[in-house]
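The values are calculated or read from the model by the stated rules, or taken from the named source; none is laboratory data. Owing to the predicted nature of the structure, the values given are computational and were not obtained by experimental measurement. All Cβ positions, glycine included, derive from the backbone under ideal geometry; neighbour counts span all protein chains shown. The protein model used for the area step is the full one, side chains on, heavy atoms only, and it has no ligands, DNA or RNA in it. Shrake-Rupley method; radii C 1.70, N 1.55, O 1.52, S 1.80 Å.
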There are 2 protein chains.
Amino acid sequence: MSHVDILKLHTLKATPQRLCVLDVLKNYGHATLEDIEKQTKLKFPTLSLSTIYRNLNEMVKKGLLSELKLANKKEYYEITKENHAHLVCTKCGSIEDFLIDTNEIIKKAQMSTSNTILDATISFDVICKECLSRK
Amino acid sequence: MSHVDILKLHTLKATPQRLCVLDVLKNYGHATLEDIEKQTKLKFPTLSLSTIYRNLNEMVKKGLLSELKLANKKEYYEITKENHAHLVCTKCGSIEDFLIDTNEIIKKAQMSTSNTILDATISFDVICKECLSRK
DNA sequence: CTGACTGCAAACGTTTTGCACGGTA
DNA sequence: TACCGTGCAAAACGTTTGCAGTCAG
């Protein structure tokens, strides 16, 4: 589905600025606000920070994007995908999707609590291959 | 081990302010900066925000405290404990320790990646018992 | 054509910093 | 006593908001 369609599906107008943000996120996989600002301004030098903030917040609220809270300080954004975890390199900070079945983990965890589990957020600290070989 | 000893172990002086912060964290389990400010000022009305910030940052850096990054906005602090996950209520935001064996999950995940996994951060979205019965 | 969106500048809240004083070890 | 830690005020920072003009549908 095109980014235009995705936006329309979420009752958001397909402005060039929003499309550009989505393009950056698609290319990066996971991007910080700074990443997004830097990249979008290559194409739209006048694009304002407040527009980026507004759009990210709006798209997160509509569920089109997700915020990633990771052990390190920065906040990352990604286009919403279901049922996956992340590998975060403790050396270089790089982030990689990790396609494991979180439902299985939820099912198992559910046996240890009487609270109803709805979802799981899982990330693993790793040393990525690049950092390992660089060492 | 007393809080005085814990501080000394981390080469930090055992000031009344720091001890008070640790007491609050022990009582609360998980506390935001606001929680900590409110509680500590009951005992030390002149305690300054900057001191709280400095101490929290310092104690996190030394590994005495951990920051909890959760899906919701707020940042929580806890006294560092190994090998546990969290249950976060999506209704009321309450946080509970969840004593599952994260090593088992790490071991299993390790089979699906060639990166070396060092640690896992896991939280579950739940509806807590209180919110369920309130409903 | 109309409401949604944008850019700019100003406002806002949170976190950090500089400095002089005070307290722990 | 020496140095680490504190309180206060100001600075710095990231994020949000108000407004007038513009654009997508």
Rounded to the nearest 100 Å², the accessible area hidden between A and B, summed over both chains at a 1.4 Å probe radius, is 2800
Evaluate peptide A:121-133: per residue, the Cβ atoms of other protein chains within 10 Å of its Cβ; return the mean as an integer. 6
List residues of segment A:64-96, by number, whose backbone nitrogen lies under 16 Å from a label position 7 Å along Cα→C-beta of B:Asn57. A:73-74
Given a 1.4 Å probe and every protein chain left where it sits, what share in percent of the accessible area of segment A:12-57 is carbon and sulfur? 52
Please give the calculated 222 nm ellipticity per residue for the protein assembly as shown, where each DSSP H segment of at least 4 residues contributes -39500 (n - 2.57) and the sum is spread over every residue; nearest 500 deg cm²/dmol? -13000 deg cm²/dmol
Antiparallel versus total DSSP beta bridges in the protein assembly as shown: what percent is that, nearest 5? 80
In Å, the Kirkwood estimate of hydrodynamic radius for chain B over Cα pairs equals 16.6
How much of the DSSP bridge set in segment B:85-133 is antiparallel, in percent, rounded to the nearest 5? 50
How well do other chains shield peptide A:94-101, expressed as the mean number of their Cβ atoms within 10 Å of each residue Cβ? 2
Subtracting the Cα-Cα distance from 0.36 nm times the residue separation, let me have the gained length for B:Ala14 to B:Lys41 in nm, one decimal. 7.9 nm
Among beta bridges that DSSP assigns inside chain B, antiparallel share in %, nearest 5: 75
Long-range amide H partners of B:Leu68, meaning residues 5 or more apart or on another chain whose placed amide H is closer than 5 Å, are B:Tyr76, B:Tyr77, B:Glu78
Over segment B:3-79, give the accessible area per residue in Å² for a 1.4 Å probe, as an integer. 55
Can you list the copy-to-copy distances for B:Asn27, using a point 7 angstrom from Cα toward Cβ, in nanometres, shortest first? 5.3
Looking only at other chains, what is the average number of their beta-carbon atoms within 10 angstrom of each beta-carbon in B:106-118? 5
Amide H contacts under 5 Å for B:Leu118, placed H, 5+ residues apart: A:Asp125, A:Val126, A:Ile127
Starting at the first residue of segment A:38-48, write each ³J(HN,Hα) from the Karplus equation 6.51 cos²θ - 1.76 cosθ + 1.60 with θ = phi - 60°, in whole Hz, x for Gly and Pro. 4, 6, 5, 6, 4, 8, 10, x, 8, 4, 8
